[in-house]
Amino acid sequence: MLYREVGQFKTSYGADQAIFPIAQDRWFVFALIAFAFLAVPLFAGQYLYTEVLIPVLILSIAAIGLNILTGYCGQLSLGSGGFMAVGAYAAYNLALRLPQTNIILVFLFAGFMAMLVGILFGLPSLRIKGFYLAVATLAAQFFLEWAFARVKWFTNYAPSGSVAVGRIELFGITIDTPAKIYIFVLAMTVVLALGAKNLVRGRMGRMWMAMRDMDIAAEIIGIRPLHAKLSAFAVSSFYIGVAGALWGFLRLGSWEPLAFDVNRSFQVLFMIIIGGLGSILGSFLGASFIVLLPIFLNQLPTWLGIAMSTATISHIEFMLFGAIIVLFLIAEPHGLARLWAIAKEKLRLWPFPY
Amino acid sequence: MLGPVLETLIGGLMTGVLYSLVALGFVLIFKASGVFNFAQGAMVLFAALSFARLSEAMPLVLAFALSVLIMIALAYAIEFLVLRRLVNQEGIILFMATLGIAYFLEGFGQSIWGSDIYKIGLGLPTNPIFILESVFPGGLLIDPAELIAAIICAVMVLVLAVFFQVTRIGRALRAVADDHQAAQSVGIPLNHIWLMVWAVSGLVALVAGMMWGAKLGVQFSLSLIALKALPVLILGGFTSIPGAIVGGLIIGAGEKLAEVLLAPVLIRTFDLAGGGIENWFAYVLALVFLLVRPQGLFGERIIERV
């Protein structure tokens with residue numbers, strides 16, 4: 001009854017092509033953004049910021065990036081961790097060597113460097129497909145991980161191999177408390193997510209989806225595979241690179257290449273599969289799920305009042321994590337975004353389902 | 001100069017055989033069910049852990065037999081609980097499910113068998129053998145344990161080849177690999193075939209786990225050798241058993257030679273903090289091969305139609 005588009009007439013082409021054509025959706029999104037900016041800082045504590053909100057937001061950006069490549073363009077990639085590392089180290093080096101650079105520019109530079117590397121490692125996709133490509137992207141992952149561990153210039157000849165960032169400042173305001181970091185990350189996320197949403201609705205997104213559904217057919221109707229696949233790699237790596245820089249600068253503060261190992265790639269892949277392939281909303285839902293699940297599993301023994309050694313807990317965490325992933329895939333292979341769509345469909349007819 | 005290089009080459013080939021052994025498990029499952037089984041590494045770990053802990057309490061033969069039973073039970077559980085419920089899903093969903101299985105097995109194996117480093121004593125000879133002493137000064141060093149592993153691997157490949165070519169089940173497996181629906185329509189029960197294939201690759205994982213375990217000790221990192229088997233797979237082709245063997249040999253030899261010959265050059269040129277290019281060299285090597293032959297060396301030719 002509440003969620004119904006009846007009576008919302010579209011009188012212009014602009015209205016017809018709006019990003020959220022249904023008024024309820026539009027208001028919901030506005031309300032959500034306003035809530036996140038204004039209401040959350042009123043009650044959120046240190047733990048909620050650093051362990052939940054900031055990781056979820058940053059990893060959502062990475063998930064959006066991978067979703068563009070895998071969900072929209074159909075190119076399975078296991079190299080996200082490596083591209084995040086490119087972003088993080090590019091940002092570190094720019095901030096180190098040109099300390100006066102605006103922090104936003106630093107993050108954009110991180111994105112652009114990741115983009116270049118992404119295009120380079122995307123080139124094989126023109127010839128290799130499916131799981132062969134997935135394994136080929138692992139080459140990017142391992143090569144990049146190795147490069148940042150071994151090439152001393154990247155880490156500014158730090159003897160331990162780990163790098164740390166200094167003070168982060170934006171227009172004279174130091175971004176140091178969790179609350180400020182949260183607002184900054186949130187603003188970045190909103191801008192990038194809206195950008196991605198618009199990109200996939202437009203010409204480019206159509207091109208990618210045609211490529212995903214059947215590349216030969218897409219080629220025949222005049223979509224250049226080189227253009228489509230490499231642009232997907234470029235945009236995707238840009239997002240993942242920015243996410244990597246944010247992760248390094250605002251979540252970790254100091255890091256080693258190990259922070260961006262192959263498990264990170266799998267983590268981001270889990271997010272888009274659980275969240276829903278080919279859905280921007282799904283990227284957020286998946287990121288929340290994958291960040292919250294281990295926290296929940298970690299707390300579970302305490303709540304149940306069972307005393308266990310940390311090793312046992314971590315093994316059981318592994319087991320439960322694997323089992324929940326499998327259960328989830330069996331129950332809803334199309335991810336949380338599909339559940340959301342089904343709920344909306346039901347809501348439209350409620351309370352008269354026929 | 002030639003002597004040490006040859007020695008490295010032989011060592012690399014022996015390691016390559018062990019990679020092939022892991023890759024073989026992947027190929028069997030991919031061929032028969034189209035599932036890209038990422039859990040193969042976890043299965044190797046699980047099998048090796050079971051065998052190592054059981055062999056502490058009983059004779060080797062008994063432990064081996066029990067481990068075989070465990071791997072068959074595991075195959076049954078995976079088929080019954082997971083695969084059967086994911087029939088007709090896309091490849092990527094099945095791949096993610098095997099990732100989930102991998103996490104589960106890693107946690108499960110270590111909770112029931114413990115997470116220390118265990119030794120597998122197969123009673124293999126450990127004294128190095130020297131060959132060709134007349135050709136090279138000092139001869140070439142060969143580790144007999146690796147030699148035995150290579151022989152076992154060769155025997156396994158032969159047995160599998162005969163199994164696939166001659167037996168009734170083998171023929172059914174090949175039929176399923178060719179075309180699921182056609183196989184089903186002539187009365188081949190898919191579920192049985194999948195169970196069989198997972199059990200066989202469980203056995204392959206057990207043998208691989210025993211060999212790797214004897215070489216490195218049984219520990220968590222054993223599940224990571226799956227990552228080493230992946231370039232072998234794409235190099236040889238996902239669907240080819242000979243591909244897994246040849247790919248393993250090329251990768252094994254290639255990465256050892258690269259570490260010896262290429263790494264010092266790279267370190268000198270780019271002022272690196274140490275070599276360790278083994279980790280990515282295999283992948284890049286496989287990638288270069290793929291650019292020439294996108295289906296791998298022996299993979300089925302990909303024919304695409306609209």
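Scan A:Ile272, A:Ile221 and give me the residue that is in contact with a helix residue (DSSP H, G or I) (Cβ under 8 Å, 6 or more places away or on another chain) and crowded, with 24+ Cβ neighbours inside 10 Å.
Unique residue meeting the criteria: A:Ile272.
From B:Glu106, B:Glu90, B:Glu146, which residue is within 30 Å of A:Tyr132 (Cα to Cα), at pLDDT 85 or above and acidic (Asp, Glu)? Can you show your working first?
Values: B:Glu90 fails: at pLDDT 85 or above; B:Glu146 fails: at pLDDT 85 or above.
Residue meeting the stated conditions: B:Glu106.
(1) touching a residue at least 60 places away in the same chain (Cβ under 8 Å); (2) away from chain B (no Cβ under 13 Å): which one isn't true of A:Ser162, the others all being true?
The number of the failed condition is (2).
Quick one: is B:Val68 modelled with pLDDT of 85 or more and among the β-branched types (Val, Ile, Thr)?
Yes.
Give the residues of segment B:254-296 that are touching a Gly at 6+ places or on another chain (Cβ under 8 Å), at pLDDT 75 or above and more than 10 Å from every other protein chain (Cβ to nearest Cβ), sorted by residue number.
B:Gly254, B:Glu255, B:Lys256, B:Leu257, B:Glu259, B:Phe289
Considering each of A:Leu300, A:Leu250 in turn, give the residue that is surrounded by fewer than 18 Cβ atoms within 10 Å (Cβ to Cβ), aliphatic (A, V, I, L, M), modelled with pLDDT under 85 and not in a strand (DSSP E or B).
Details: A:Leu250 fails: surrounded by fewer than 18 Cβ atoms within 10 Å (Cβ to Cβ).
Residue meeting the stated conditions: A:Leu300.
When residues of segment B:213-235 are filtered for being under 25 Å from A:Ala136 (Cα atoms) and crowded, with 19+ Cβ neighbours inside 10 Å, how many remain?
Looking only at that region, the number is 13.
Can you name every residue in segment A:323-337 that is assigned to a helix (DSSP H, G or I), over 14 Å from A:Val291 (Cα atoms) and either within 21 Å of the chain's Cα centre (by Cα) or basic (Lys, Arg) (or both)?
A:Phe328, A:Leu329, A:Leu336, A:Ala337
Can you find even one residue in segment A:142-161 that is assigned to a helix (DSSP H, G or I), within 18 Å of A:Val235 (Cβ to Cβ) and of a type in the set (A, V, I, L, M)?
No, segment A:142-161 contains no residue that is assigned to a helix (DSSP H, G or I), within 18 Å of A:Val235 (Cβ to Cβ) and of a type in the set (A, V, I, L, M).
A quick yes/no check of all residues on (1) within 14 Å of chain B (Cβ to nearest Cβ); (2) out of contact with any helix residue (DSSP H, G or I) (no Cβ under 7 Å at 6 or more places or on another chain); (3) part of a helix (DSSP H, G or I):
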| position | (1), (2), (3) |
| --- | --- |
| A:Ala234 | no, no, yes |
| A:Gly244 | no, no, yes |
| A:Asn263 | yes, yes, yes |
| A:Gly278 | yes, no, no |
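Residue-wise test of (1) in contact with a helix residue (DSSP H, G or I) (Cβ under 7 Å, 6 or more places away or on another chain); (2) buried (at least 24 other Cβ atoms within 10 Å of the Cβ).
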{"residue": "A:Val52", "(1), (2)": "yes, no"}
{"residue": "A:Val56", "(1), (2)": "yes, no"}
{"residue": "A:Leu69", "(1), (2)": "yes, yes"}
{"residue": "A:Ser80", "(1), (2)": "yes, yes"}
{"residue": "A:Leu96", "(1), (2)": "no, no"}
{"residue": "A:Gln100", "(1), (2)": "no, no"}
{"residue": "A:Phe107", "(1), (2)": "yes, yes"}
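Evaluate segment A:188-210: report whether one residue or more is within 21 Å of A:Leu246 (Cβ to Cβ), in contact with a strand residue (DSSP E or B) (Cβ under 7 Å, 6 or more places away or on another chain) and surrounded by 18 or more Cβ atoms within 10 Å (Cβ to Cβ).
Within segment A:188-210, not a single residue is within 21 Å of A:Leu246 (Cβ to Cβ), in contact with a strand residue (DSSP E or B) (Cβ under 7 Å, 6 or more places away or on another chain) and surrounded by 18 or more Cβ atoms within 10 Å (Cβ to Cβ).
Can you tell me which residues in segment B:177-218 are part of a helix (DSSP H, G or I), within 22 Å of B:Asp143 (Cβ to Cβ) and among the small types (Gly, Ala, Ser)?
Within segment B:177-218, B:Ala208, B:Gly209, B:Gly213, B:Ala214 meet the criteria.
Can you confirm whether A:Ala287 is crowded, with 19+ Cβ neighbours inside 10 Å, farther than 21 Å from B:Gly91 by Cβ and at pLDDT 85 or above?
Yes; evaluated as a whole, the condition is true for this residue.
Please state which one of A:Ile128, A:Ile119, A:Ile173 is of a type in the set (A, V, I, L, M), over 23 Å from A:Pro99 (Cα atoms) and away from chain B (no Cβ under 14 Å).
Exactly one of A:Ile128, A:Ile119, A:Ile173 is of a type in the set (A, V, I, L, M), over 23 Å from A:Pro99 (Cα atoms) and away from chain B (no Cβ under 14 Å), namely A:Ile119.
For segment A:166-206, enumerate the residues that are touching a Leu at 6+ places or on another chain (Cβ under 9 Å) and outside any helix (DSSP H, G or I).
A:Gly166, A:Ile168, A:Ile175 - these are the residues of segment A:166-206 that are touching a Leu at 6+ places or on another chain (Cβ under 9 Å) and outside any helix (DSSP H, G or I).
For segment A:205-213, indicate whether the set of residues that are basic (Lys, Arg), out of contact with any Ser or Thr (no Cβ under 7 Å at 6 or more places or on another chain) and at pLDDT 85 or above is non-empty. Spell out the reasoning first.
From segment A:205-213, those basic (Lys, Arg) are A:206, A:212; that's our starting set.
Of the ones still in play, those that are also out of contact with any Ser or Thr (no Cβ under 7 Å at 6 or more places or on another chain) are A:206, A:212.
Going one step further and asking which of them are at pLDDT 85 or above, we end up with A:206, A:212.
Yes, because at least one residue in segment A:205-213 is basic (Lys, Arg), out of contact with any Ser or Thr (no Cβ under 7 Å at 6 or more places or on another chain) and at pLDDT 85 or above.
Need pairs with beta-carbon distance below 9 Å; first residue more than 10 Å from chain B (Cβ to nearest Cβ) and within segment A:200-224, second among the acidic types (Asp, Glu) and surrounded by 20 or more Cβ atoms within 10 Å (Cβ to Cβ); sequence gap 6+ or separate chains.
Close Cβ pairs (under 9 Å, with a partner that is among the acidic types (Asp, Glu) and surrounded by 20 or more Cβ atoms within 10 Å (Cβ to Cβ)) amount to A:Ile223/A:Asp215.
Just for helices (runs of 4 or more DSSP H) wholly inside segment A:1-118: which have at least 1 residues that are out of contact with any Asp or Glu (no Cβ under 6 Å at 6 or more places or on another chain) and in contact (Cβ under 8 Å) with a residue 12 or more places away in the chain?
Ranges flagged: A:23-34, A:40-43, A:54-66, A:80-97.
The values are calculated or read from the model by the stated rules, or taken from the named source; none is laboratory data. Note that the structure is predicted; figures quoted are calculated from it, not measured. Note that we place each Cβ from the backbone using ideal geometry, even for glycine, and neighbour counts take in every protein chain shown.
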